[in-house]
1. What ³J(HN,Hα) values, in whole Hz, does the Karplus curve 6.51 cos²θ - 1.76 cosθ + 1.60 give for region 140-148 when θ = phi - 60°, with x put for Gly and Pro?
2. I'd like to compare 357-367, 111-121: which one has the highest average count of other Cβ atoms within 10 Å, and what's the full order after that?
3. What are the ³J(HN,Hα) values, in whole Hz, obtained from phi via the Karplus relation 6.51 cos²θ - 1.76 cosθ + 1.60 with θ = phi - 60°, for each residue of region 385-395 in sequence order, with x given for Gly and Pro?
4. Among the listed pairs 186/228; 324/500; 248/472; 472/502, which have their C-alpha atoms separated by more than 30 angstrom in this model?
5. Of the cross-linked pairs 291/394; 237/363; 234/394; 54/121; 313/348, which ones have a Cα-Cα span greater than 18 Å in the structure shown?
6. Cα centroid distance between region 445-477 and region 235-274, in Å?
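Every read-out reported here was derived from the displayed coordinates using simple, explicitly stated rules and does not represent laboratory data. This one's a predicted model, so the numbers in the text were calculated from it and none came from an experiment. Cβ: placed from backbone, ideal geometry, glycine included. Neighbour counts: every protein chain shown.
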Amino acid sequence: MVPLKRRKVAGNNSVAEQGGDKTPPKFPEVFLFLLERKMGASRRAFLSQLGRKKGFQVEELFSTSVTHIISENNSGDEVRAWLDSQDRTRRCPAPLHLLDISWFTESMSAGHPVQILDRHKVQVQQADEVEVAVFSVPSYACQRRTSLDNRNTVLTDALSLLAENAELSDQDGRGVAFRRAAAVMKSLPEPVTSMTQLRGLPCLGEHSLRVIRDVLENGASREVESMKQSKQYKALKVLTGVFGVGAKTAARWIREGIHTLHQLRNSGHTLNRAQQAGLEHYDDLNQQVSKAEAEAIQQIVEEVVASVLPGAKVTLTGGFRRGKLMGHDVDFLITHPEEGKEVGLMSKVVSWLESQGFLLYQKTTRNSYLVSDDSPALPPSNMDRFERCLSIFKLAQDQPHRAKQLGALPLDTAEHRRGDSGLQTDQDSCSQRIQTPGGQEDTKPWRAVRVDLVVSPISQFAFAVLGWTGSKLFERELRRWAGQEKAMSLSSHALYDNKKRKYLQASSEEEIFAHLDLEFIPPSERNA
Ligand code: UTP
Ligand code: MN
């Protein structure tokens with residue numbers, strides 16, 4: 001009898017043919033060897049294990065059976081020098097592939113050895129450097145152009161989720177670090193394929209780099225995936241999804257064992273007015289607002305503003321001004337070309353909207369900003385003190401194109417006052433089947449939308465537009481740049497020069513960028 005292991009098997013070995021207790025190698029022709037030089041022992045061990053998990057044969061020691069040498073951050077000359085230093089008897093016969101780590105990571109992602117391209121080879125150093133694009137990125141987001149064309153969404157989604165989780169967990173410092181890292185990746189002109197491309201990039205801390213590496217190698221970050229599944233994160237998402245509930249409140253409720261809306265409703269907690277409205281319109285408010293819906297609301301707001309103060313101007317700000325097609329709310333800035341005319345405007349606008357049944361909720365805060373002659377009245381924070389109305393709008397569904405008519409024929413006020421229980425039941429063409437927070441299906445011809453109205457005097461308008469256009473990180477970086485690089489304090493009201501001890505006037509965003517010695521970045525490229 002011929003022993004099983006000696007038996008010759010024609011063609012590809014299959015599991016059944018091989019028998020025995022050892023899993024056959026998935027890629028019998030491929031023997032990898034990872035060069036420890038510059039890679040380090042622990043990373044080499046980790047990658048070797050990863051390779052084996054994916055079915056590759058990874059040799060611990062260099063030998064004649066090795067077919068692929070994988071190195072990281074080594075030039076072709078360096079790998080050759082190392083090869084030459086090896087014992088002659090252990091040198092490999094040709095063909096031996098000398099490859100960069102990019103081939104390894106791409107093969108891990110693909111789950112099989114990918115075709116070897118020129119850019120994977122380390123032999124010719126010049127080719128290596130030409131092929132791997134090395135990006136150059138200035139360190140402040142306000143020095144960069146970040147369009148909506150993000151070429152690295154998988155990486156930025158992972159980093160943004162970690163940022164969000166940190167913010168929800170009251171760890172703002174960590175949140176900003178991940179936001180900055182995500183913003184750098186968003187600004188890159190091409191998809192990142194290898195860690196070597198990230199050399200020299202700003203704002204990429206150890207933790208962010210670890211996440212990026214994980215995504216490049218495995219297609220996803222283990223940390224992010226397990227975070228998304230965690231009870232804590234899920235509960236924080238659900239609870240802070242209620243308008244009026246911040247991270248601190250949500251954390252307190254979670255400590256009390258409240259993880260769901262159902263538990264919150266039954267907890268006996270007294271909710272404030274905002275939270276009650278947030279709970280009532282939970283589904284609507286957690287559904288993105290479209291550009292068309294934002295424009296429909298803009299028409300209504302423009303109409304009311306024109307009727308209560310002719311000549312006043314309404315500007316759509318926030319994400320929609322940056323060209324986004326979806327948003328979580330709609331932000332408007334209102335001003336009048338004659339300073340002082342805007343006083344009293346907000347209350348008139350709100351009264352009109354309310355009387356016509358357009359508001360499901362509103363809270364107006366008065367302007368508390370005082371300009372002082374010799375020092376900035378504000379710390380450079382993102383809290384501003386404009387007269388502001390935080391509202392929940394009642395927008396007729398599926399008829400943004402009929403907004404003009406809608407403005408003239410507002411929704412029935414009595415029906416609005418009755419709230420959700422007084423929903424219209426007739427199934428007209430613009431009705432939509434919806435799932436209420438309670439779970440039962442209902443039909444209503446409108447949806448709730450978060451709308452922010454802000455009134456600014458014309459003298460502060462340029463600062464207000466700049467401050468309300470975002471993105472949040474772009475704004476944060478502008479203020480950081482102003483403070484750290486220019487000894488200035490920027491807010492949504494003013495720019496103060498700490499050395500000259502005076503305010504710098506501006507009537508356009510361009511002038512503010514010029515005061516700050518920054519190249520003007522248009523709104524569509526502030527999507528940091
Ligand atoms: P948003 O939170 O509305 O963000 O703030 P966004 O960019 O429009 O994104 P989505 O689509 O709604 O999610 C818009 C801008 O208004 C500023 C923020 O800093 C941001 O730049 N803002 C917001 C303030 O200045 N003060 C506030 O109280 C709130
Ligand atoms: Mn917004």
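1. Values, residue by residue: 8, 4, 7, 9, 10, 9, 10, 7, 7 Hz.
2. On the way: 357-367: 17.8, 111-121: 14.7.
In decreasing order of mean packing, 357-367, 111-121 become 357-367, 111-121.
3. Each residue of region 385-395 in turn: 10, 6, 5, 9, 10, 8, 9, 10, 8, 9, 10 Hz.
4. Working: 186/228 22 Å; 324/500 38 Å; 248/472 20 Å; 472/502 26 Å.
Violating the 30 Å Cα-Cα cut-off are 324/500.
5. Details: 291/394 16 Å; 237/363 24 Å; 234/394 28 Å; 54/121 22 Å; 313/348 15 Å.
Those over the limit are 237/363; 234/394; 54/121.
6. After rounding, the separation between the Cα centres reads 27 Å.
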